[in-house]
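S.K.: Quick one: the structure is below, and I'll ask about it shortly.
The values are calculated or read from the model by the stated rules, or taken from the named source; none is laboratory data. What you are looking at is a predicted structure, and each value in this text was computed from that prediction instead of being measured. Heads up: the accessible areas ignore ligands, DNA and RNA and are worked out on the full protein's heavy atoms, side chains in. Shrake-Rupley method; radii C 1.70, N 1.55, O 1.52, S 1.80 Å.
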Amino acid sequence: MRLGDHAFAHYADDDVRWQVPAVFAYRGLSRGEKVIVMMDPGGSADDACDRLASYGDSVGDARASGQLMFSSMRELISPDKSFTARRQMDRLREETERACQQGYAGLRTIIDMAWVQDLGADVENVMHREKHADSLFDSRQYAEICTYDRRRFDSAVVEEMRVSHPVALLERPGDLQAHHVPGELYLIGDADLATGDIFRAAVSLAFEAPPGRHVVVDLTRLGFLSAGCAGDLLLLIGRATACDKALVRCRPPQARILRRLGAMWTGSLELAETGDDR
């Protein structure tokens, strides 16, 4: 995630809840961005700081310098006592401008949506804000993760928020998700030893009976592709008798791995490189 991104995150386990926010926070700190954590109102700033500190060693210094701050939705909208989308968004714009004036590259916020119950906010109003917040991100000086505890929200609300955000994050770093549409497979997350069974099952299913005997495998949203999974992909493409052509969309590092493993010798395979060299 980068400045300009607005993402949905979710959890249902207190040991998992900080994993994605920690990656998001540390990446922002390393890029010279200011980070504000609007935590669960039931917790304290010191506890949230300790949680983040368990994932790295720069939290204390960042907090002392003001680059990392711990706040709440109550503090953000103060002196107002009730939530309105306009008040919240105006305040976030002010905080973004302040961060830039302080010399930071921009602002990242981590917002635990437990504040909704804390303030007694109308869920429909909150959902409307989540769906109509694009103007906050147009300057590409602000990024936001909204984290939903699935134990506190109706499952229909959580799912609507997941599909409504421009970015929907996996529950934890290292997960792998596979999304199938006829003749296409989209893989998101990490494909490695831990997720290899999921990876192989998804690829095998995609090649079982493709419409038109063509399959598209999109790897561009993989954060990591191991040599083992890359080799399995080539092997499964080579064995896919029901498929005449496999188009693999990939970023340059993934293409290099596949070529080194002999992609050019897999006759039905075509590589389509796209995106940057991350």
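S.K.: How large is ³J(HN,Hα) for each residue in the stretch 100-107, as worked out from phi by the Karplus curve 6.51 cos²θ - 1.76 cosθ + 1.60 (θ = phi - 60°), to whole Hz, x for Gly and Pro?
M.R.: With the stated coefficients, the stretch 100-107 comes to 5, 5, 7, x, 7, 5, x, 10 Hz.
S.K.: Under the rule of at least 5 residues apart or a separate chain, name every residue whose amide H is placed under 5 Å from the amide H of D175.
M.R.: Excluding prolines and chain starts, which carry no amide H, the hits are D190.
S.K.: Now a separate question. Starting at the first residue of the stretch 25-40, write each ³J(HN,Hα) from the Karplus equation 6.51 cos²θ - 1.76 cosθ + 1.60 with θ = phi - 60°, in whole Hz, x for Gly and Pro.
M.R.: 3J(HN,Hα) across the stretch 25-40, in whole Hz: 5, 5, 5, x, 4, 5, 9, x, 9, 7, 10, 10, 9, 9, 7, 4.
S.K.: 222 nm [θ] for the chain, helices only, -39500 (n - 2.57) per DSSP H run of 4+, per residue, to 500?
M.R.: Calculated at 222 nm, the ellipticity per residue is -11000 deg cm²/dmol.
S.K.: So for the stretch 154-277: antiparallel DSSP bridges make up what percent, rounded to the nearest 5?
M.R.: 25 percent
S.K.: Rounded, prolate or oblate: which fits the stretch 162-267 when a ≥ b ≥ c are the square roots of the eigenvalues of the alpha-carbon gyration tensor, with rounded for a/c under 1.5 and prolate only if a/b beats b/c?
M.R.: oblate
S.K.: Report the per residue volume, in Å³, of the convex hull enclosing the C-alpha atoms of the chain.
M.R.: 144 Å³
S.K.: Right, something else. Give the percent of DSSP beta bridges with both residues in the chain that are antiparallel, rounded to the nearest 5.
M.R.: 15 percent
S.K.: Oh, and also: Spelling out what I want: for every residue of the stretch 172-185, take phi, set θ = phi - 60°, compute 6.51 cos²θ - 1.76 cosθ + 1.60 (Karplus), and round to whole Hz; glycine and proline get x.
M.R.: 8, x, x, 6, 9, 10, 10, 10, 10, 10, x, x, 9, 10
S.K.: In square angstrom, what is the accessible area per residue of the chain with a 1.4 angstrom probe?
M.R.: 49 Å²
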